[in-house]
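The structure appears below as structure tokens.
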Amino acid sequence: MCEKILAVIPARSGSKGIKDKNIKNLNGKPLIAYTIEESIRSRIFEDVIVSTDSEKYKKIAEGYGAWVPFLREKKLAEDTANTIDVVEDVLLKLKNIGKKYDSLMILQPTSPLRDKYDIRGAFKLFCEKEANSVVSMCECDYAPQLTKKLNDKMKLDGFLSDINKIRRQDLGKFYRLNGAIYLIKVHYFLKYKYIYKENSYAFIMDKKKSIDIDDLDDFEYTEFLMQKNHFHINNCS
């Protein structure tokens, strides 16, 4: 176990919210560069591959050290395409050129504060647990009991009726997916096309490193965190 591991960084060129989000400048570098560089610095991968539909993205990714042996088909770069299908396509195309792996790690470029230590930590847990999958999570800001769907009338009748006498700190800790790391055995992935089927474990990340960039406000907040906390600035080992 834990012999050959592949890093897959999905980065299509289309983006409804922000044009060319995956290569947008973030604190002096294209967004995707942070994920590529930390993947390489982790030193656990046989290959670090970027799956993209764009020649422009391909050149940028290769410039930061990633491998882009082929471009993604158009149907897998549309809004309706899902990551499972994209990764399966990558594995099959790599197999056709004689490349096989024991495990793979999906690393979204929209999680630029995830670093080599998070990647190594998830891999360490994966090996220790002899897991089929390890997925990164972080603690929720609020317990789900403090949330509610609202209808058009916006009424709150009966809201919190079951817990209004419970202190907030006594509600316990809850965790959410943060989108930063998905580590999976290849044969398990190809068999189930699902990550959480069995023997799956959570790798807990710091909330500050768990930001998933979606809009311009996220970009600005991430730049603020990078400059304040010196994320990735002196991390050269």
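Within the stretch 11-39, restricting attention to residues that are aliphatic (A, V, I, L, M) and out of contact with any strand residue (DSSP E or B) (no Cβ under 6 Å at 6 or more places or on another chain), the residue that is nearest to residue 80 (Cα to Cα) is 18.
Yes/no matrix, rows are residues, columns are (1) among the basic types (Lys, Arg); (2) in contact (Cβ under 8 Å) with a residue 24 or more places away in the chain:
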{"position": "8", "(1), (2)": "no, yes"}
{"position": "21", "(1), (2)": "yes, yes"}
{"position": "44", "(1), (2)": "no, yes"}
{"position": "63", "(1), (2)": "no, no"}
{"position": "68", "(1), (2)": "no, no"}
{"position": "84", "(1), (2)": "no, yes"}
{"position": "96", "(1), (2)": "no, no"}
{"position": "110", "(1), (2)": "no, yes"}
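Taken together, the residues in the stretch 112-162 that are charged (D, E, K, R) and touching a strand residue (DSSP E or B) at 6+ places or on another chain (Cβ under 8 Å) amount to 4.
Within the stretch 75-86, the set of residues being part of a helix (DSSP H, G or I) and either open to solvent by 40 Å² or more (accessible area, probe 1.4 Å) or farther than 13 Å from residue 50 by Cα (or both) comprises 75, 76, 83, 84, 85.
Among residues of the stretch 11-23 being surrounded by fewer than 22 Cβ atoms within 10 Å (Cβ to Cβ) and not hydrophobic (A, V, I, L, M, F, W, C), the one that is nearest to residue 129 (Cα to Cα) is 12.
Filtering 12, 41, 72 for residues that are assigned to a helix (DSSP H, G or I) and at negative phi leaves a single hit, 41.
Residues are listed down the side, and each one gets a yes or a no for (1) at pLDDT below 95; (2) over 21 Å from residue 213 (Cβ atoms); (3) of a type in the set (Asp, Glu):
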residue: 35; (1), (2), (3): no, no, no
residue: 39; (1), (2), (3): no, no, no
residue: 48; (1), (2), (3): no, no, no
residue: 57; (1), (2), (3): no, no, no
residue: 62; (1), (2), (3): no, yes, yes
residue: 94; (1), (2), (3): no, yes, no
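Report whether or not residue 103 is within 14 Å of the chain's Cα centre (by Cα), of a type outside the set (Asp, Glu) and farther than 19 Å from residue 14 by Cβ. Answer is no for this residue. Out of 182, 188, one residue alone is open to solvent by less than 80 Å² (accessible area, probe 1.4 Å) and assigned to a strand (DSSP E or B). It is 182.
The values are calculated or read from the model by the stated rules, or taken from the named source; none is laboratory data. This structure is a prediction, so every number in the text was calculated from the model and none was measured. Note that each Cβ is placed from the backbone with ideal geometry, even for glycine, and that neighbours are counted across all protein chains shown. We work out accessible area using only protein heavy atoms, side chains counted, and drop any ligands, DNA or RNA first. Shrake-Rupley method; radii C 1.70, N 1.55, O 1.52, S 1.80 Å.
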